[in-house]
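Participant: Okay, here's the structure, questions in a sec.
The values are calculated or read from the model by the stated rules, or taken from the named source; none is laboratory data. This structure is a prediction, so every number in the text was calculated from the model and none was measured. Glycine also receives a Cβ, built like all others from the backbone with ideal geometry; neighbour counts cover every protein chain displayed. We work out accessible area using only protein heavy atoms, side chains counted, and drop any ligands, DNA or RNA first. Shrake-Rupley method; radii C 1.70, N 1.55, O 1.52, S 1.80 Å.
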Amino acid sequence: MNQQESQKVGNGILQTALHNFDEAARRLNLDEGLKGKILEPKERIELSLSPTLSNGQVTNIKAFVVRHNDVLGPAKGGIRMTPDVTLDDVTGLAMEMTWKTSVIGVPFGGGKSGIRIDPSTLSPEVKETIVRSFTRGARRHIGPEIYVPAPDMGTNELDMARIRDCISYSEAISITDGCYVTGKPVIFGGVAGRREATGKGVIHTVLAMCKKLDMPLEGLRVAVQGFGNVGSVAACDIAGYGAKIVAASDITGAVAAPDGLDVVALAKHVEETGSILGLAGTKEIDPGQVLEAECDVLIPAATQSQITRENADRITARIVAEGANAPTTPEADEILNQRGVLVIPDILCNAGGVFVSYLEYTQETQREQMTIEAVERRLAERMTQRFHDVYDLGQREGLSLRDAAMNLGVSRVVEGVLTRGLLP
Ligand code: NAD
């Protein structure tokens with residue numbers, strides 16, 4: 001697949017991923033053959049699921065699995081369940097995972113899955129049926145040494161438990177026999193702190209950036225787009241350092257509060273009602289105002305292609321911390337760079353989730369149990385160390401943080417390819 005082909009498809013995430021890779025390949029002087037070897041996905045699967053639901057109705061659902069690259073280890077990446085996910089989205093997200101696992105330094109490659117349905121319309125029973133149907137359909141492509149899924153938008157730890165149970169049940173193996181998924185409940189070999197790891201990891205990179213800029217955390221104004229797993233954890237975490245969350249949104253709308261939102265109460269409210277709207281003491285605002293809110297730090301933590309050439313000029317934040325995958329289009333990235341806005345790129349910023357997934361994988365492989373303290377300490381150390389590696393490379397070579405992270409991520413994969421040797 002080349003950039004021209006993907007442009008014909010007109011997909012945001014894949015275009016962004018291809019653009020970022022092309023630029024890195026140019027900077028690293030990769031020849032065409034090596035470039036193709038690294039860029040082409042190993043597997044791009046489209047599945048047609050037709051589960052029969054409890055009311056007797058047969059539903060037809062498209063699902064996708066992409067194993068982009070396994071040079072450094074088994075493919076790793078979450079399962080996205082949204083009404084509009086496409087095979088190209090999943091391909092772009094799988095590519096991002098290849099660079100992300102490489103940047104954060106874990107022995108995995110990049111993969112991703114998608115199930116095209118709106119989870120908010122499903123009862124728990126119907127969602128379970130669909131997740132099990134996906135597991136059976138995708139079974140040949142999942143395994144501790146093949147591709148290890150985890151939660152992403154629209155999926156959670158309970159879904160991971162259902163996948164793991166489905167494999168145990170169908171194959172008569174114990175629930176502890178191999179790490180088939182990460183982000184599982186702790187009771188099934190999940191690691192404490194995995195659910196919070198991505199959001200907390202985002203904040204470790206923000207703290208390191210603020211330190212570089214001498215920006216005090218007390219009173220730091222933060223806006224968060226997407227108040228789901230990543231966004232709500234990041235908001236609560238940074239509020240704990242004295243920052244003020246000036247605006248937040250989810251798919252149902254957006255809210256603000258003059259003295260900052262009580263994000264802990266807001267997270268509870270979202271859990272109870274399913275919407276960010278309606279908490280006493282908050283004011284409803286236009287969702288578009290969140291990205292453009294007067295703030296020091298903007299955390300896009302929803303979905304792709306949210307910061308575009310249309311709104312990049314109106315972003316007031318000094319730091320954009322990409323909790324979401326590919327929230328910034330290449331044109332917007334250029335505008336932000338020119339304006340001196342510091343973008344902490346997704347492949348570094350939100351890599352805390354896959355780092356703690358790696359801890360879960362090793363814990364399960366070694367039949368160990370890690371404490372929450374150990375997980376949080378290792379997450380903090382790794383995120384901070386990798387932030388500095390990327391920052392220092394950027395300073396040395398005059399690159400933005402995104403370009404430095406891409407150079408680091410791609411060159412480790414190149415090193416892997418060359419060290420393994422070029423014969424199949
Ligand atoms: P989630 O489903 O828990 O939350 C997504 C949130 O975004 C929800 O609050 C939803 O209402 C909101 N949302 C969706 N579209 C929106 C829009 N257009 N405007 C405003 N809000 C919108 O998902 P998550 O796991 O928190 O993932 C969020 C992002 O972080 C995704 O881009 C995902 O790929 C990325 N990410 C997640 C993880 C992880 O460990 N969960 C790891 C790395 C990256």
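Participant: Could you size up the charge dipole of the chain around its Cα centre, putting +1 on the beta carbon of Lys and Arg and -1 on that of Asp and Glu, and report it in debye to the nearest 20?
Facilitator: The calculation lands at about 820 debye.
Participant: Which residue fluctuates the most in the chain, going by a Gaussian network model with Cα springs under 10 Å, if the choices are GLY281, GLY201, GLY12?
Facilitator: GLY281
Participant: Jot down the radius of gyration and Dmax of segment 213-269, Cα atoms only, both in angstrom.
Facilitator: Spelled out, the Cα radius of gyration and Dmax of segment 213-269 are 10.8, 36 Å.
Participant: What distance in nm separates the two pseudo spin-label positions at LEU28 and ILE285, each 7 Å out from Cα along the beta-carbon direction?
Facilitator: Between LEU28 and ILE285, the label points sit 4.0 nm apart.
Participant: Sticking with this one: Choose one answer from GLN57, GLN225, GLN289: the residue with the largest mean-square fluctuation in a GNM of the chain with alpha-carbon springs under 10 Å.
Facilitator: Answer for the Gaussian network model of the chain: GLN57.
Participant: Would you kindly find the accessible area of THR59, with a 1.4 Å probe and non-protein molecules such as ligands, DNA and RNA excluded, rounding to the nearest 10 Å²?
Facilitator: 30
Participant: Would you grab the residues whose amide H sits under 5 Å from the one on MET153? Only those 5+ places off in sequence or on another chain, please, with H modelled 1.01 Å from N.
Facilitator: Counting only residues 5 or more places away or on other chains, the set is MET81.
Participant: Further question: Please tell me the relative contact order of segment 196-344 in percent, rounded to the nearest whole number, where contacts are Cα pairs under 8 Å and at least six residues apart.
Facilitator: 23
Participant: Next up: Can you give the accessible area of LEU220, probe radius 1.4 Å, in Å² rounded to 10?
Facilitator: For LEU220, the solvent-accessible surface is approximately 10 Å².
Participant: Could you tell me which of GLY114, ILE79, ILE142 has its Cα farthest along the dipole of segment 56-147 towards the positive end, charges placed at Cβ (Lys, Arg +1; Asp, Glu -1), taken about the Cα centre?
Facilitator: ILE142
Participant: How much accessible area does LEU348 have with a 1.4 Å probe, in Å² rounded to the nearest 10?
Facilitator: 0
Participant: Would you mind pulling out the separation of the Cα centroids of segment 240-304 and segment 142-163, in Å?
Facilitator: Their Cα centres are 28 Å away from one another.
Participant: Find which of ALA317, VAL186, VAL390 sits farthest along the positive direction of the dipole of the chain, computed with +1 on the beta-carbon of Lys and Arg, -1 on that of Asp and Glu, about the Cα centre.
Facilitator: The one lying farthest along the dipole's positive direction is VAL186.
Participant: Considering only protein heavy atoms, with the full assembly of protein chains and a 1.4 angstrom probe, order SER357, SER48 by accessible area, largest first.
Facilitator: SER48, SER357
Participant: Please list, ordered by chain and number, the residues whose modelled amide H lies under 5 Å from the amide H of LEU47; skip anything fewer than 5 residues away on the same chain.
Facilitator: Excluding prolines and chain starts, which carry no amide H, the hits are ALA63, PHE64, VAL65.
Participant: Measuring from a point 7 Å past the Cα of ASP389 along Cα-to-C-beta, which residues in segment 84-122 have an amide N at less than 16 Å?
Facilitator: Only 97-110 pass the distance filter.
Participant: Of PRO345, ALA24, ALA254, whose Cα points farthest to the positive end of the dipole of the chain (charges on the beta-carbon: +1 Lys, Arg; -1 Asp, Glu; origin at the Cα centre)?
Facilitator: Of PRO345, ALA24, ALA254, it is ALA24.
Participant: Now for a separate question. Per residue of the chain, what 222 nm ellipticity follows from adding -39500 (n - 2.57) for every DSSP H run with n ≥ 4, rounded to the nearest 500?
Facilitator: My calculation for the chain gives -15000 deg cm²/dmol from helical runs alone.
Participant: In whole percent, what relative contact order does the chain give with Cα contacts below 8 Å and a gap of six or more residues?
Facilitator: 16
Participant: Below 29 Å, Cα to Cα, which lysines can LYS268 reach? Residues fewer than 8 away in the same chain don't count.
Facilitator: Reachable lysines: LYS127, LYS184, LYS200, LYS244, LYS283.
Participant: Sort MET215, MET160 by accessible area with a 1.4 Å probe, largest first.
Facilitator: MET215, MET160
Participant: Then there's this: Taking 0.36 nm per intervening residue step and subtracting the Cα-Cα distance, what contour gain separates SER54 from GLU310 on full extension?
Facilitator: Result: 87.6 nm gained on full extension.
Participant: Which sequence of ASP177, ASP313 reflects their accessible areas, 1.4 Å probe, from the largest down?
Facilitator: Correct descending sequence by accessible area is ASP313, ASP177.
Participant: Dividing the Cα radius of gyration by the Kirkwood radius, what Rg/Rh value follows for the chain?
Facilitator: Dividing the radius of gyration by the Kirkwood radius yields 0.95.
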